[in-house]
1. Pairing the Cα long axis of helix A:124-145 with the longest principal axis of chain A, what angle in degrees results, from 0 to 90 and rounded to the nearest 10?
2. Filter chain B for me: DSSP H helices, axial length by Cα at least 27 angstrom, mean Kyte-Doolittle hydropathy not below 1.0. List them by residue number.
3. Would you mind giving the total buried accessible surface between chains A and B, with a 1.4 Å probe and ligands, DNA and RNA left out, rounded to the nearest 100 Å²?
4. In whole Å, what three semi-axes, largest first, describe the equivalent ellipsoid of region A:274-324 built from its Cα gyration tensor (square root of 5 times each eigenvalue)?
5. How much accessible area does A:PHE18 have with a 1.4 Å probe, in Å² rounded to the nearest 10?
6. Within chain B, what is the longest stretch that has no chymotrypsin sites (Phe, Trp or Tyr not before Pro) placed in a DSSP loop and near at most 15 other beta-carbon atoms within 10 Å?
7. Can you send over the carbon and sulfur percentage of the accessible area for region A:105-168, probe radius 1.4 Å, protein chains only?
8. Pick from B:SER126, B:SER18, B:SER146: which is most flexible by mean-square fluctuation in a GNM of chain B where alpha carbon atoms under 10 Å apart are linked?
Amino acid sequence: MILAETGVSVFSSLFSNFWVVLLLKTIAVMGFFLVVPLGVGYVEHKGLAHMQARLGPMEAGRFHGWAQLVADGVKFIQKEDVVPAAADRNVFSLAPAVAMIPYIAILVVLPISDSWFAENLDVGIFFVLAMSSVSVIGVMMAGWSSANKFSLIGALRAAAQLIAYELPLVIAAAAVVMQAGTLSMIGIVEAQQDLWFIIPQLPGFLIFMIAAFAELQRPPFDMPIADSEIIFGAYTEYTGLKFAFFLLAEYGGIVAFSGIAAVLYLGGYQPLPGIPIPGPLMMMGKIGALAFFFIWLRATYPRLREDQLQRFSWLGLIPLSLALIMGVAVAKVAF
Amino acid sequence: MTAQEYAFAVIAAVGSISAIAVVTARNVVHAALYLVVALLSVGATFLLLGAEFAGWVQILIYVGAIVILFLFGLMLTKAPIGRDTLDNTHRWVGLLVAAGVFAGLAFLIQDAFPLDAEPFEVFHGSTSVVGESMFRDFVLPFEAISFLLLAALIGAIVLARKDEGN
């Protein structure tokens with residue numbers, strides 16, 4: 001492992017040329033985005049099959065269906081790229097990219113250890129929240145340009161959901177920022193040297209995770225793609241690689257939000273006291289555990305109804321998160 | 001020219017072209033999407049000036065919330081689905097108002113910052129600097145604006161609310 005002082009990117013400590021460092025950072029972030037979310041997708045496919053005792057994904061590659069990911073990839077590449085006749089072609093084609101790019105951007109500030117990161121922005125967590133809300137524009141573009149009523153309803157539901165759950169998400173993150181006294185992702189992790197924030201901020205962690213599920217439109221908050229009502233929401237008309245990009249955006253989102261939750265509440269790359277596990281392994285382990293939790297809940301909970309979903313945020317989570325931030329402010333001044 | 005000036009030229013060109021496209025687009029949803037690009041370039045200009053916090057606030061609030069509300073409202077009401085188009089019949093009035101605003105702003109800005117003035121030192125507006133000046137030097141205006149926004153919020157709820165029985 002390469003050692004560097006805290007807060008200095010490993011890339012900057014190895015090379016001094018700006019363009020070389022920039023190139024290496026881009027390659028590292030893109031590599032991370034192309035590898036880790038695919039792993040999550042694989043676990044979702046195989047893990048869900050196990051949880052539901054389905055035999056489908058047990059065939060590919062003979063032994064235990066290990067080659068399912070390869071089979072899925074080949075299937076997506078083979079499919080014809082269909083654009084509906086009435087669709088707005090340019091917006092339709094641009095939408096998967098707009099949905100995906102924000103999650104790549106989030107990975108730029110995600111610290112894997114105190115030196116393994118691409119950028120340590122002064123406004124780190126704020127940048128992350130800004131990016132996560134941009135992704136929905138891609139879903140709205142997809143839903144509208146498909147020229148399909150079900151797609152449009154799906155897009156509207158996605159937007160309404162984002163508006164409702166963005167508030168508790170930002171407020172829960174703000175409560176952590178208040179306790180840590182910094183917006184920088186590295187700074188927040190360093191502030192948890194003695195005590196992970198999940199202990200003093202347990203309600204905040206629960207609010208953050210619920211809101212993250214809703215932002216990613218994962219079950220039980222998958223009303224925008226409710227297949228029994230609106231086929232597949234905004235993605236109904238998408239096929240082949242464009243559809244695969246939306247899936248990649250979803251898995252990238254799971255990795256990004258797992259990473260943010262690990263940084264905010266689970267001490268990021270900080271090891272457990274007394275157990276000498278290196279920082280990057282610790283961080284990846286936390287991301288993996290939270291990502292598994294995202295998948296697990298899909299097999300466990302039924303879907304909320306649209307009105308229940310809105311009511312739950314506006315009358316439940318938002319007042320709760322406002323109370324939380326007041327509590328944290330009082331505690332911050334008092335202690 | 002410095003690297004910063006080259007970057008500004010690119011960002012300003014992208015922002016201006018997309019701003020013009022917002023008003024010339026025949027399709028309201030396209031106009032809203034061009035607005036996203038225009039607002040992103042305003043955010044990028046803030047970043048270029050070293051105002052990191054203001055830049056990301058611009059993107060979180062305008063792109064992440066306001067444009068999404070725009071699109072939501074448009075799709076729920078007027079937006080034709082797919083490739084249909086709409087047009088606005090008030091384009092001459094719009095042109096007049098836009099020209100007036102442009103002339104006023106151009107006069108004020110070149111009056112305040114003449115071309116031959118000393119160039120500013122780029123000031124890195126870190127979050128703690130912004131926070132300190134806002135809550136130390138400008139606490140009263142800040143509270144006044146908060147109060148105004150709260151009043152507007154309550155007003156909006158009162159207007160939008162449908163009482164039972166009416």
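1. For helix A:124-145, the angle is close to 10 degrees.
2. Details: long enough: B:3-24 (32 Å, 1.58); B:28-48 (30 Å, 2.26); B:91-112 (31 Å, 1.51); B:139-160 (31 Å, 2.41).
Counting only whole DSSP H runs, the qualifying helices are B:3-24, B:28-48, B:91-112, B:139-160.
3. Details: alone 15920 and 13460 Å², together 26870 Å².
Its buried surface, counting both partners, is about 2500 Å².
4. Details: eigenvalues 213, 64, 9 Å².
After scaling each eigenvalue by five and taking roots: 33, 18, 7 Å.
5. Answer for A:PHE18: close to 130 Å² accessible.
6. Details: sites that count: B:PHE120, B:PHE123, B:PHE138.
In chain B, the maximal stretch lacking such sites is B:1-119.
7. Percent of accessible area from carbon and sulfur atoms in region A:105-168: 70.
8. Evaluated over chain B, the most mobile residue of the options is B:SER146.
The values are calculated or read from the model by the stated rules, or taken from the named source; none is laboratory data. These numbers come from a predicted model, not from an experiment. Backbone-built Cβ (ideal geometry, glycine too); neighbour counts: all protein chains shown. To get the accessible areas, we keep the full protein, side chains included, count just its heavy atoms, and leave off ligands, DNA and RNA. Shrake-Rupley method; radii C 1.70, N 1.55, O 1.52, S 1.80 Å.
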